[in-house]
Amino acid sequence: MAEHPAYPVGLRLTGRRVVVLGGGQVAQRRLPALIAAGADIHLVSPEATPSVEAMADAGEITWTRRPYADGDLADAWYALIATGDTDANTRASAEAERHRVWCVRADDADAATAWTPATGTSEGVTVAVLTTSAKGRDPRHTAAIRDAVVEGLRDGTLVAPHHRTRTPGVALVGGGPGDPDLITVRGRRLLAEADVVIADRLGPRDLLAELPPHVEVIDAAKIPYGRFMAQEAINNALIEHAKQGKSVVRLKGGDPFVFGRGMEEAQALAEAGIACTVVPGISSSISVPGAAGIPVTHRGVAHEFTVVSGHVAPDDERSLVDWAALARLTGTLVVLMGVDKIGRIAETLVAHGKSPDTPVALVQEGTTAAQRRVDATLATVEETVVAQEVKPPAVIVIGEVVGVGPGTVEAPTE
């Protein structure tokens, strides 16, 4: 038998009896997949790990608390033998052979009638890697191959074209704060499958260079008609391309719903009857301070953090921010889009009771190779911004947490 390769097959175990012998680490690793497959799982073991016991307590498996006994594999479709008793494993394996039950044996793969492949999933596809024969079995090698394939599918570096018709639609993808490595796995995969990408100026621009030549890239920052018409033009572009049956990705900086007008775009798509998928992204409000060595919360220093938009000044009638209330908070205040308004913001906070000595940090081009951090206080921040020529995009952090970290963290390099 060992001279012939194993025959790969996918077992459909929904509602079918599966017997697991042994409640140790092997069972702990294998049980979740069997549960996900919908199997009727019967565990036979005098003891189990806390995680396995929790599965039994939750009703996901049935646990018989005793050692293996002859007859336990009767009526089973599949068995996993993973006890620490070699004699019991041998007897159970023999029973599986008598009852023609496909059996995986953790302690002796050569004595088993089935092997468990190294598996991983990506968007409805299961990748299973199996050594072709017992001779030369190398579980670490098969696991490494599995990891490489799954990672490639997830991050878009390994792209398999769809041969069935895809449902056209739009994905609002949060690209993160700027470093291309900080986009989510799902976001990167959707980018790799896109026909059209409509990209923000603050999105991870380096990812655009990885797109195939046929992908149409539209720079949202250059859509005409001015500031207030730009959003309407973006909405129209999303709708137009999706109605042409194309897969469209709206690549946005940070998270689509954190000052990103993502909901406006989702609403426009819904009104047009176009399917929309939202892929959350890492918001610059927490990731950029973290990259600069600033925790937005810290035990004994800040028990809350507040994120506000600074694109309109505190004395602007359009402002929806209660700056007086923010001045009374003892936690961290993170201001986005506020570089050119920071003088009036600082003045307002101080006027409502915030100490002029409150630390302030401005992190420009956070998470990119151009990242730099400039520190000040509420009393000095306006003149510091001018003197240091701080330019947008920059995240402003106000609060005692500014002094907690180790100082400026070295920016990523190419």
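Condition check ((1) small (Gly, Ala, Ser); (2) exposed (fewer than 15 other Cβ atoms within 10 Å of the Cβ)) across all residues:
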position: Ser51; (1), (2): yes, yes
position: Ala54; (1), (2): yes, yes
position: Tyr68; (1), (2): no, no
position: Gly71; (1), (2): yes, yes
position: Ile81; (1), (2): no, no
position: Ala88; (1), (2): yes, no
position: Glu95; (1), (2): no, no
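Scanning region 330-382 for residues that are touching an Asp or Glu at 6+ places or on another chain (Cβ under 8 Å), among the small types (Gly, Ala, Ser) and modelled with pLDDT under 95 gives a single hit, Ala369. Within region 1-74, considering only strands (runs of 3 or more DSSP E) that don't extend past its boundaries, which have at least 1 residues that are assigned by TED's automatic domain parsing to the domain that holds Arg100, within 27 Å of Val129 (Cα to Cα) and among the hydrophobic types (A, V, I, L, M, F, W, C)? Correct list: 17-23, 40-48. Is there a residue in region 62-78 that is within 38 Å of the chain's Cα centre (by Cα), modelled with pLDDT under 95 and closer than 22 Å to Pro32 by Cα? No, because not a single residue in region 62-78 is within 38 Å of the chain's Cα centre (by Cα), modelled with pLDDT under 95 and closer than 22 Å to Pro32 by Cα. Within region 296-325, residues that are under 18 Å from Ala351 (Cα atoms) reach partners that are hydroxyl-bearing (Ser, Thr, Tyr) and crowded, with 18+ Cβ neighbours inside 10 Å with beta carbons closer than 6 Å, at six or more positions or on different chains, in the pairs Pro314/Thr348; Trp323/Thr348.
Residues that are β-branched (Val, Ile, Thr) and either closer than 23 Å to Asn236 by Cβ or at pLDDT 90 or above (or both) within region 154-203 comprise Thr167, Val170, Val173, Ile183, Thr184, Val196, Val197, Ile198, listed in sequence order. The helices (runs of 4 or more DSSP H) located wholly in region 210-309 that include 1 or more residues which are at pLDDT 95 or above, among the polar types (S, T, N, Q) and under 30 Å from Val360 (Cα atoms) occupy 284-291.
Scanning region 247-280 for residues that are surrounded by fewer than 17 Cβ atoms within 10 Å (Cβ to Cβ) and touching a residue at least 40 places away in the same chain (Cβ under 8 Å) turns up Ala275, Thr277. Taking the criterion of being part of a loop (DSSP other than H, G, I, E, B) and touching a strand residue (DSSP E or B) at 6+ places or on another chain (Cβ under 9 Å), the residues of region 75-107 that qualify are Asp75, Ala76, Trp77, Ala82, Thr83, Gly84, Asp85, Val101, Ala106, Asp107.
The values are calculated or read from the model by the stated rules, or taken from the named source; none is laboratory data. All values reported here derive from a predicted model rather than from experimental measurement. As a convention, Cβ positions derive from the backbone with ideal geometry for all residues, glycine included, and neighbour counts pool all protein chains shown.
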